[in-house]
1. Quick check on my filter: what residues within region 9-66 are surrounded by 10 or more Cβ atoms within 10 Å (Cβ to Cβ) and in a helix (DSSP H, G or I)?
2. If you scan region 19-39, which residues turn out to be modelled with pLDDT under 80 and within 19 Å of the chain's Cα centre (by Cα)?
């Protein structure tokens, strides 16, 4: 993949190895997929604790939609 420029080298502290995993059972047996474990990255990401706004409230305020 590096030779075909699908991926590129990086020295970032947030880079992770790509592991090619074969599916073990089911219809798609023999097919491979890429697996990246982002657990370490998820530990350092700041979580957003705000609630998602109610879109209907904003639409009715700005556009008069009910």
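1. Of everything in region 9-66, those that are surrounded by 10 or more Cβ atoms within 10 Å (Cβ to Cβ) and in a helix (DSSP H, G or I) turn out to be 40, 41, 56, 58, 59, 60.
2. Here is the first cut: in region 19-39, the ones modelled with pLDDT under 80 are 23-30.
Hits for region 19-39: nothing passes.
The values are calculated or read from the model by the stated rules, or taken from the named source; none is laboratory data. Keep in mind that this is a model prediction, so the values were computed, not measured. Here the Cβ is made from the backbone with ideal geometry for all residues, glycine too, and neighbour counts use every protein chain on show.
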